[in-house]
Amino acid sequence: MVTYGHTIFALSSARGKSGVAVVRLSGPDAGTALDRLAGGRPQPRRASFRVLSDGDAMLDEAVVLWFPKPHSFTGEDVAELHVHGSLATVEAVLQALGKQPGHRIAEPGEFTRRALENERLDLSQVEGLSDLIEAETEAQRRQALRVLSGALGVRANSWRSSLLKAAALLEATIDFAEEDVPADVRPDVRELVADVMSDIQKESAGIGIAERIRDGFEVAIVGPPNVGKSTLLNALAGRDAAITSHIAGTTRDVIEVRMDLRGLPVTVLDTAGLRESRDEIEALGVAKARDRAEQADLRVILTERRAAAPTMTPQGDDIVTVPKADICEGDFSAETGAGLDWLVDEIGNRLESRANTAGLAIRERHRTAMKRAIESLQRAAIQLESEPDLVEISAEEVRSAIRALDSLVGRVDVEHILDDIFASFCIGK
């Protein structure tokens with residue numbers, strides 16, 4: 001348990017007028033502040049209605065909560081004051097707390113940082129909490145909650161336990177090299193290493209999709225000029241996000257619209273019509289359109305008729321479809337809305353299928369740590385096969401993999417990234 005000299009406090013709810021505002025305190029003097037301002041500490045984890053006073057001056061009528069250490073968010077003594085949400089009331093309460101000995105305003109993310117340092121959360125849970133605060137869609141919320149629950153830490157601890165067993169077997173061979181060891185431990189070590197390596201590789205494979213759930217999928221609308229790409233974008237967005245015209249080549253740049261599609265964050269891209277052009281500006285737009293479309297997660301390729309060749313070669317589960325069903329034999333009409341639900345369902349089905357493959361690891365940092373662990377385990381496995389007598393090298397590679405997994409949950413080698421992580425948190429969290 002880390003002991004801090006100051007008790008920190010901050011407004012934990014959003015700034016501005018509200019029905020209720022929450023002021024949070026954490027630290028050794030949080031209980032003393034309640035004694036002075038609220039007339040005492042309520043029963044732990046039970047809400048209590050209190051009058052808050054600063055000396056003889058009444059501050060507010062509030063609901064007060066008391067969480068004695070270590071059973072609190074930060075692992076320290078924590079108090080919460082649920083006050084009326086006027087700007088004046090919140091300011092008066094904060095000023096009264098600022099006058100208490102040993103109290104100071106919290107820095108961004110400081111409550112969560114104390115929770116990490118007191119081992120109430122591991123680093124992956126901190127990142128999950130950050131994502132939960134920023135979540136805009138249902139898929140983002142669910143993914144963040146899975147990480148916040150500690151599931152990745154549980155998985156990492158399971159891998160770590162298996163590797164510790166493998167390292168112990170190898171080190172026993174080293175320690176008793178001059179004695180009769182009852183059995184060859186290499187088969188057991190190889191099995192442990194192979195199982196852990198396989199699990200980590202499976203988890204690592206889902207990071208790309210998990211990142212897409214965090215940051216958003218990209219869906220590019222592509223096709224020849226004047227086929228209805230901008231009209232489709234406007235229909236999906238529910239507003240005039242792009243200029244539409246019967247004149248071909250109206251769209252010169254990539255237009256992006258962010259939306260929530262079946263709980264998934266999706267950015268739909270309207271691109272320039274794909275054709276050969278002598279117009280230098282249009283040619284640049286076409287080149288940019290191809291580049292962005294190729295990088296997108298999914299392409300909706302519009303064609304003028306069913307027999308027409310697509311202007312871009314479909315990849316994977318891209319959707320090739322004919323628009324303008326109101327004037328031709330098409331699949332949907334962005335003008336009238338006919339068949340548009342079908343197209344949205346097709347896009348949603350494809351993205352949901354990918355989202356279902358997301359793992360618990362959600363960040364590039366996680367990918368890097370797992371890659372280091374896999375590389376160490378691969379070297380350990382090769383060493384066990386090629387030079388079985390040099391078990392010291394294999395043991396060191398296994399220990400290297402353990403250190404990589406420890407960095408995954410923040411046990412080691414993460415001090416240099418903590419400031420960046422907590423800088424993204426608001427004051428009061």
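Below, the figures for the structure above:
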read-out	value
R46 free of Cβ contacts under 8 Å to residues at least 24 places away in the same chain, in the same structural domain as L116 (by TED's automatic domain parsing), closer than 28 Å to I133 by Cα and not hydroxyl-bearing (S, T, Y)	yes
Condition check for R113: of a type in the set (K, R) and assigned by TED's automatic domain parsing to the domain that holds T32	yes
Hey, S230 small (G, A, S), surrounded by fewer than 20 Cβ atoms within 10 Å (Cβ to Cβ), in contact (Cβ under 8 Å) with a residue 40 or more places away in the chain and assigned to a helix (DSSP H, G or I) or not	no
Subset tally (residues that are crowded, with 18+ Cβ neighbours inside 10 Å and within 18 Å of E218 (Cβ to Cβ)) for region 307-318	2
Condition broken by I133, with the remaining ones in (1) surrounded by 16 or more Cβ atoms within 10 Å (Cβ to Cβ); (2) touching a residue at least 40 places away in the same chain (Cβ under 8 Å); (3) hydrophobic (A, V, I, L, M, F, W, C) satisfied	(1)
Out of V23, V51, V90, sole residue that is more than 18 Å from R113 (Cα to Cα) and in a strand (DSSP E or B)	V51
Positions within region 103-155 being among the β-branched types (V, I, T), farther than 22 Å from P70 by Cβ and out of contact with any strand residue (DSSP E or B) (no Cβ under 7 Å at 6 or more places or on another chain), in sequence order	I133, V147
Some residue of region 270-284 being modelled with pLDDT of 85 or more, touching a strand residue (DSSP E or B) at 6+ places or on another chain (Cβ under 9 Å) and among the polar types (S, T, N, Q)	no
Which listed residue is of a type in the set (A, V, I, L, M, F, W, C), modelled with pLDDT under 90 and in contact with an Asp or Glu (Cβ under 9 Å, 6 or more places away or on another chain), from L169, L116, L81	L169
Residue count for region 12-24, restricted to those that are in contact with a helix residue (DSSP H, G or I) (Cβ under 6 Å, 6 or more places away or on another chain) and of a type outside the set (G, A, S)	1
Single residue of region 54-84 satisfying the filter (among the small types (G, A, S) and in a strand (DSSP E or B)) that is surrounded by the most Cβ atoms within 10 Å (Cβ to Cβ)	A79
Single condition G330 does not satisfy, out of (1) closer than 23 Å to D260 by Cβ; (2) buried (at least 20 other Cβ atoms within 10 Å of the Cβ); (3) small (G, A, S)	(1)
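Residue-wise test of (1) of a type in the set (G, A, S); (2) modelled with pLDDT of 90 or more.
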residue: T313; (1), (2): no, no
residue: A325; (1), (2): yes, no
residue: S333; (1), (2): yes, no
residue: V344; (1), (2): no, yes
residue: L360; (1), (2): no, no
residue: R372; (1), (2): no, yes
residue: Q378; (1), (2): no, yes
residue: A381; (1), (2): yes, yes
residue: R403; (1), (2): no, yes
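The values are calculated or read from the model by the stated rules, or taken from the named source; none is laboratory data. Quantities reported herein were computed from a predicted structural model and do not represent experimental measurements. So basically every Cβ, Gly included, is an ideal-geometry build from the backbone, and we count neighbours across all protein chains shown.
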